[in-house]
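Accompanying notes for the structure given below.
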Amino acid sequence: MTSVKVETTDDVAVVTMANPPANLFNSELAVALLEVVRGAEAGGARAMVLRSDGPLFSGGADVEMFHGTSPSAARTMLAEAFRLIEAIEEAPFPVIAAVHGLCLAAGLEMALACDLIIAAEGTQFAQVEAKIGAATFLGGVYRIAERAGTARAFEITFGGDFFDPDTFERWNIVNRVVPPDELDAKAMQWARRLAAGPTAAHAVTKRLVHHATDHGVRRTDGYLLDAATPLFATRDMQHAVDLLITHGAREFMANHDQLMSFDGR
């Protein structure tokens, strides 16, 4: 039975998905995850960790969704699924995927929608859609290309081969690789640090990166003038600038965590 649960600790929404035995992605899971992501945003979360129960992160999509499906029905189904991808990418806080075991196909595409990926040693990654004559229907190939370049994206998707986390880290797809028994703790440690930071600035940073990816850096220079300048009116930025001027750069940086407390406004 598909389930999604969320627990909030230190302003971090920890989202755990479960669809045993393989944590397969289906419409029910997509709807439940979308509701949770939107709820975390409405509830004022400052960071999120996406994880899963069981021995693997996700074995990919439930192929029963594909069996006998017409192109028009597939279009409707995928459009609904993209609402989840969009919600993760546009969430106004950092989102970390904590993956282990297997991270395949649609599962990898969910992880790629997150801002950061931390993986347990021994995790196996693959976009296996080519094995059934399919494409990466949730945008995996071009999200890999954003991180690793087109040549790596083609290599990963054309063959449907499996890759270890060290390779994906070297190719800039995965951010960090940790021992399996430390995955949850390391993910939470990272998320807590981000949640305690300047989340208003983090939200702007996400928007700038996505805009530059979509439209190029020159157009994003103009976009920044509207998207980033409101930060000058935030308490976070002005208070930090006051402290920097008062204490000097060396003391400010050396004692930053003690001096500065960000509240996201």
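Residue 232 contributes an accessible area of around 120 Å² to the protein surface, as traced by a 1.4 Å probe with all chains present. Centre-to-centre separation between the Cα atoms of the range 237-260 and those of the range 1-49: 36 Å. For the range 71-228, the convex hull spanned by the alpha carbon atoms encloses 122 Å³ per residue. Rounded to the nearest 500, the 222 nm mean residue ellipticity of the chain from helices alone is -15000 deg cm²/dmol, with -39,500 (n - 2.57) taken per DSSP H run of at least 4 residues.
Cross-link reach is defined here as a Cα-Cα straight distance under 18 Å, omitting same-chain residues fewer than 8 places apart; for residue 5 the aspartates and glutamates meeting it are 28, 35, 41, 53, 184.
What order do you get for 79-91, 209-221 when each peptide is scored by the mean count of other beta carbon atoms within 10 Å, highest first?
Details: 79-91: 17.3, 209-221: 12.9.
In descending order of packing, they fall as 79-91, 209-221.
Scalar couplings 3J(HN,Hα) for the range 11-21, obtained by applying the Karplus form with A = 6.51, B = -1.76, C = 1.60 to θ = phi - 60°, are 6, 9, 8, 9, 9, 10, 9, 8, 9, x, x Hz; x denotes Gly and Pro.
How high is the relative contact order of the range 74-159, in percent, with contacts defined as C-alpha pairs under 8 Å that are six or more residues apart? Please list the in-between numbers first.
Numbers: 114 pairs, mean separation 23.0, N = 86.
Answer for the range 74-159 is 27 percent.
With angles folded into 0 to 90 degrees, how steeply does helix 199-215 sit against the dominant principal axis of the chain? Use alpha carbons for both and round to 10. For helix 199-215, the angle is close to 50 degrees. Determine the dipole magnitude for the range 1-43: charges of +1 sit on the beta-carbon of Lys and Arg, -1 on that of Asp and Glu, nothing else is charged, the reference point is the Cα centre, and the result goes in debye to the nearest 20. So the dipole magnitude of the range 1-43 works out to roughly 180 debye.
With axes computed from alpha carbons, what is the tilt in degrees of helix 235-247 against the longest principal axis of the chain, rounded to the nearest 10 within 0 to 90? Tilt relative to the chain: about 50 degrees. Carbon and sulfur together cover what percent of the accessible area of the range 146-265 at a 1.4 Å probe radius? The value for the range 146-265 is 54 percent carbon and sulfur by accessible area.
Computed with a 1.4 Å probe over protein heavy atoms only, the accessible area of residue 253 comes to about 130 Å².
Surface exposure of the chain, expressed per residue as accessible area with a 1.4 Å probe, stands at 51 Å².
The relative contact order of the range 105-264 comes to 21 percent, based on Cα pairs under 8 Å that sit 6 or more residues apart. Close amide H partners of residue 14, meaning residues 5 or more places away or on another chain with modelled amide H under 5 Å apart, are 7, 8, 9, 49. Across the protein chains, with a 1.4 Å probe defining accessible surface, the residues 131, 5 rank 131, 5 from largest area downward. Of all aspartates and glutamates in the structure, the ones whose alpha carbon falls short of 15 Å from that of residue 131, not counting any fewer than 8 places away in one chain, are 62, 155, 161. Axis of helix 150-159 versus longest Cα principal axis of the chain: the two differ by about 30°, to the nearest ten degrees.
Comparing 13, 203, 249 in a Gaussian network model of the chain (Cα springs below 10 Å), the most mobile by mean-square fluctuation is 249.
The values are calculated or read from the model by the stated rules, or taken from the named source; none is laboratory data. Just so you know, these numbers come straight off a predicted model, no measurement behind them. Counting neighbours? That spans all protein chains shown, and the Cβs are built from the backbone with ideal geometry, glycine included. Keep in mind that these areas ignore ligands, DNA and RNA; they rest on the heavy atoms of the full protein, side chains included. Shrake-Rupley method; radii C 1.70, N 1.55, O 1.52, S 1.80 Å.
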